[in-house]
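Bear in mind these aren't lab numbers, they're just calculated from the coordinates by the rules spelled out. Remember, it's a predicted structure, so these values are computed and weren't measured experimentally. Cβ: placed from backbone, ideal geometry, glycine included. Neighbour counts: every protein chain shown.
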Amino acid sequence: MSHVSPVVQRLRITFGKAGPLKYTSSLDVAKIWERLLRRAELPLLYTQGFNTRPRIQLAMPLPLGISSECEILDISLRERIDFVERDLTEQLLAVSPQGLTIEAIDEVDVRASALHSRVESAEYRIRFADGISRDALRQKIEGIMSRETIIVERKRKRKRSVMDVRPLIVALHIDEDEDLIAHLSVGDRGNMRPDHLIELLGLDDRHHSIHRFKLHLLPA
C-alpha cells in the first residue's frame, strides 16, 4: 500500500533574530513562530496525538546571544495556498515581536529531507568591540589553522570526552571591516560553536558580538 503524505505544501521561511530576541532560546523561538503562523491563519498541518503541535521545523539551533539573518524554518500545510511573498511577509511581520526579520519565503518540495539532517556548516561574523590589531588577529588565526589537531575536553550529561575539533574549523579570515569571519561545521557531522572558537583563540576576555550570516545545506 502506498503512503500518501498529508503535507500538501511546504514553505521555507528564512528569518533573522536581532536585539532582545537574540537572547530567546530556540524552543521559545519555535513557540513564537507557532503563534505567528496561527495568527496569520495559514492552513497548518498538525502532529497527531494528545498534544498536537504545528508541523514546523527549525534548521539549526542558534546559541543564546548570537544574532542572525539566515535562520531557516520549514512549515507544512494541509492545504495549498497561492501567496505573494511580499504580502505574506508583511502579514507575518505585522504580528511579529521586535527583532524578528523575514528575509525570504519560498516553496520547497514536500519530499525534501529533514532540515536538521542537511545543515553542514555556518558562517559567523565576530566583531571585537575594543578592537584588536589585524596583525595580532592574523597571527592567532594562523596559529589555529596550522595545527593538525586540536584536542579539547567536553562534558555532556556528567560524562567527559575528548575530541579533535580541528576538522570542524572550515576556514577563518579577516574581512575589510577588520571582523573575524569564521566558517564552522555544525549539525549532525560535528558542531563547533563560535564562542568555543573564541576561547581557542584566547580572545574570550575581550568584549565581542557574534552574527550568523549564512547556513550551508547539503543537497536535498
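Quick one: which residues, 5 or more positions from Ser121 or on another chain, have an amide H under 5 Å from its amide H? H modelled 1.01 Å from N in the peptide plane, none for Pro or chain starts.
Val186, His216
Determine the distance separating the Cα centre of the stretch 111-131 from the Cα centre of the stretch 164-220; give it in Å without decimals.
8
So, with +1 on the Cβ of K and R and -1 on the Cβ of D and E, and no other charges, what is the size of the charge dipole of the stretch 120-217 about its Cα centre, to the nearest 20 debye? Write out the running numbers ahead of the final one.
Numbers: 19 positive and 18 negative charges, 165 e Å.
The calculated dipole for the stretch 120-217 is roughly 800 debye.
Amide H to amide H under 5 Å from Met60: which residues, 5+ apart in sequence or cross-chain, H placed 1.01 Å off N in plane?
Result for Met60 returns Ile72.
If the cut-off is 16 Å between C-alpha atoms, which lysines fall inside it for Lys17, apart from same-chain ones fewer than 8 positions away?
Candidates past the 8-residue exclusion: Lys31, Lys214.
Output the 0 to 90 degree angle, nearest 10, between the alpha-carbon long axis of helix 26-39 and the longest principal axis computed from the alpha carbons of the chain.
30
Using Cα-Cα distances under 8 Å and only pairs 6 or more residues apart, what relative contact order does the stretch 120-217 have, in percent?
Numbers: 159 pairs, mean separation 44.6, N = 98.
That works out to 45 percent.
What number, in percent, do you get for the relative contact order of the stretch 9-116 if the mean sequence gap of Cα pairs under 8 Å and at least 6 apart is divided by its residue count?
Worked out over the stretch 9-116, it gives 48 percent.
Once the principal axes of the Cα atoms of the stretch 85-163 are found, what is the range along each, listed largest first in whole angstroms?
Principal-axis extents of the Cα atoms in the stretch 85-163, largest first: 49, 36, 27 Å.
Report the Cα-based extents of the stretch 120-217 along its three principal axes, largest first, to the nearest Å.
39, 28, 25
Quote the convex hull volume per residue of the stretch 140-194, based on C-alpha atoms, as a whole number of Å³.
Hull volume normalised by residue count: 96 Å³.
Looking at Ile13, Ala182, Met60, which one has the Cα that reaches farthest to the positive end of the dipole of the chain (charges on Cβ: Lys, Arg +1; Asp, Glu -1)?
After comparing all options, I get Met60.
So for the chain, taking the charge dipole from beta-carbon charges (+1 Lys/Arg, -1 Asp/Glu), which of Leu77, Val95, Leu172 sits furthest toward the positive end?
Positive-end residue among those listed: Leu77.
Quick one: compute a quarter of the convex hull surface over the Cα atoms of the stretch 9-116 and quote it in nm².
6.7
Let me have the relative contact order for the chain, percent, based on Cα pairs under 8 Å that are six or more residues apart. Show your work: numbers first, answer last.
On the way: 396 pairs, mean separation 55.9, N = 220.
It rounds to 25 percent for the chain.
Between the stretch 134-163 and the stretch 43-97, what's the alpha-carbon centroid distance in Å?
35
Please list 201-211, 148-158, 181-191 highest first by mean number of surrounding beta-carbon atoms within 10 Å per residue.
181-191, 201-211, 148-158
Across the stretch 45-62, in residue order, what do the Karplus-derived ³J(HN,Hα) couplings come to in whole Hz, using 6.51 cos²θ - 1.76 cosθ + 1.60 with θ = phi - 60° and x for Gly and Pro?
Per-residue couplings from phi come out as 8, 10, 5, 8, x, 6, 9, 6, 9, x, 7, 10, 8, 8, 5, 7, x, 9 Hz.
Using only Cα atoms, find the angle between the long axis of helix 134-145 and the longest principal axis of the chain, and express it within 0 to 90 degrees, rounded to the nearest 10.
Compared with the principal axis, the helix lies near 80 degrees.
Charges only on Cβ, +1 for Lys and Arg, -1 for Asp and Glu: so what's the dipole of the chain about the Cα centre, in debye to the nearest 20? List each step's numbers first, then the result.
Working: 34 positive and 33 negative charges, 251 e Å.
The dipole of the chain has a size of about 1200 debye.
To the nearest 20 debye, what is the magnitude of the charge dipole of the stretch 75-136 about its Cα centre, counting +1 on the Cβ of each Lys and Arg and -1 on the Cβ of each Asp and Glu?
Its charge dipole is roughly 220 debye.
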